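Values quoted throughout were computed directly from the atomic coordinates according to the rules given, and no laboratory measurement underlies them. Note that this is a predicted model, so its numbers are computed, not measured. Virtual Cβ from ideal backbone geometry, glycine too; neighbours counted across all protein chains shown.
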């Protein structure tokens, strides 16, 4: 135990170790942030296509969205990352971080689409029918009635998806990127540290801090939405 705390102190007092962890943490956060944004955009588009009333203009988009969600959700994230790195974007000089962001963004988009789709479909169809009976347009019904309720329903699941993306980015070290996980491995393999326990423990604390912060924000949002329901 004394050795553990000694190495823990050594880690935080050695500038090179701190710099490595901080560099890895920033890369992890960059990939996660932009992947989540891409996932939200793709997921929203796919969910809207899936829940839209069928017509001749949506036959192809609906087919593509089904294939996309089926393939992405049915294959491992690690395999998708390898395909993106060593096949799709196997271009000399192409930024690795862009490839990683696109890989995680496309993966997140499929799961986000299912979350949003389920949220939209959870709203009672009777409310849409009532809106139509009152002469409201489909757009107005969706904007004023369906979307607000759907957003309230999907917040917890959407928060879980965001947390999942952040934790999944740990596998980018498998393709040689210097993220938080790789930084911990690098420090642990050094002659001075010669132990993976301490740097891995510190890396876990970084992840826990981020997850706790996101969980706190999600709960605050949920609490705010519940208050608005009570006021209405």
Open item on the list: What whole-number distance in Å separates the alpha-carbon centres of the range 86-148 and the range 1-49?
Closed with: 26
Open item on the list: Compute the helix-to-body angle for 96-121: its Cα long axis versus the longest principal axis of the chain, expressed 0 to 90° and rounded to tens.
Closed with: 40
Task: Cα-only Debye scattering, the range 165-212: base-10 log of I(q)/I(0) at q = 0.15, 0.28 Å⁻¹ - done: -0.38, -1.04
Open item on the list: Suppose R0 equals 22 Å. What FRET efficiency, 1/(1 + (r/R0)^6) with r the Cβ-Cβ distance, do residue 26 and residue 83 give to the nearest 0.05?
Closed with: 0.30
Open item on the list: Starting from 0.36 nm per residue, how many nanometres of slack lie between residue 213 and residue 138 once their C-alpha separation is accounted for?
Closed with: 23.3 nm
Task: Within the chain, helix-based [θ] at 222 nm, where runs of 4 or more DSSP H residues each add -39,500 (n - 2.57), nearest 500 - done: -26000 deg cm²/dmol
TODO: List the residues of the range 24-47 whose backbone N lies under 13 Å from a point placed 7 Å from the Cα of residue 121 along the Cα-to-Cβ direction.
DONE: 47
Task: Distance cut-off 20 Å, percentage of C-alpha pairs in the range 1-88 lying past it - done: 61
Task: Distance histogram in 5 Å bins (all Cα pairs of the range 92-183, percent per bin) - done: 2, 12, 18, 14, 12, 10, 9, 7, 6, 4, 3, 1, 0
Open item on the list: What percent of all Cα-Cα pairs in the range 2-231 falls into each 10 Å bin, going from 0 up to the bin containing the maximum distance?
Closed with: 7, 25, 28, 21, 12, 5, 2, 0
Task: Compactness of the range 132-232 as Cα Rg over 2.2 N^0.38 Å, two decimals - done: 1.70
Open item on the list: Compute the angle between helix 2-13 and the longest alpha-carbon principal axis of the chain, please, reported from 0 to 90 degrees and rounded to the nearest 10.
Closed with: 70
TODO: Report the relative contact order of the range 2-231, percent, no decimals, based on alpha-carbon pairs under 8 angstrom and at least 6 residues apart.
DONE: 28
